[in-house]
Amino acid sequence: MFLGGFDRPVRVRGCDCHGCDQAGDFRAPKGRTQLTEYYWFCLAHVRDYNARWDYFAGLSAEAIEGHIRQATVWERPTWPLGDWQKREQQLRDSVEREFFGDGFAARPATPPMAAGEREALAVLELVPPVDFAAVKAQYRILVKRHHPDANGGSSAAGEKFKIINQAFATLRAVYGTDDA
């Protein structure tokens, strides 16, 4: 058969389905582990093949879940959110040990903070580092303990109550939350 005036024959691939004499114009992968090897089918047989083919056939639920998780991040390594700070600190410590030996000056256990923040934590009887949820819980305990109504209208309790409220307002501004 000659097409368009060319003098060489054109090959037509046949359908890979047994007994079909149609042209195999449509490719379909041979399996999950053979994604670059193909069967060639006619339109009717490729539709039938696609309707019955299951990429995850024979895999357990855990293996399917793992495959989906890897595909979600394009098969790239990932780390949990927030974990980068710990990794960065470990890297810094290893570099300091490498260049300055094991006797390098230890970093303070708590991050540097403003004097007002440190005083507010002391008023609430907290030791840094602390998150806002712990600040809020301690604030509620101290407010109940030092409320003037709970102490018979004592003026000393009223002053302590005001100081606790001021400390909490300071920490709320530092942590950047409107949560009361």
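Where a number appears in this text, it was derived from the coordinates with a stated rule and is not lab data. Bear in mind that the values here come from a model prediction, so they are computed numbers and not experimental data. Neighbour counts run over all protein chains shown; Cβ positions are idealised from the backbone, glycine included.
Annotation: lysines with alpha-carbon distance below 18 angstrom to Lys160 (same-chain offsets under eight excluded): Lys136, Lys144. Cβ crowding within 10 Å, taken as a proxy for footprinting-reagent exposure, orders Thr72, Thr33 from fewest neighbours to most as Thr33, Thr72. This structure gives Kirkwood radius over Cα pairs in Å, computed directly, and of (i) 17.0; (ii) 16.0; (iii) 24.7 that value is listed as (iii). Hey, with R₀ at 30 Å, roughly what FRET efficiency would Ser60 and Arg27 work out to, going by the Cβ-Cβ distance, to 0.05? So, using R0 = 30 Å, E works out to roughly 0.55. Helix content alone sets the calculated 222 nm mean residue ellipticity of the chain: runs of n ≥ 4 DSSP H residues at -39500 (n - 2.57) each, divided across all residues, give -15500 deg cm²/dmol. Magnitude of the charge dipole for the chain, about its Cα centre and with charges confined to Cβ atoms of Lys, Arg (+1) and Asp, Glu (-1), is about 180 debye.
Legend note: in the chain, no cysteine has its Cβ 4.7 Å or more from every other cysteine Cβ. Counting beta carbons within 10 Å around each of Leu121, Leu81 and listing the fewest first gives the order Leu81, Leu121.
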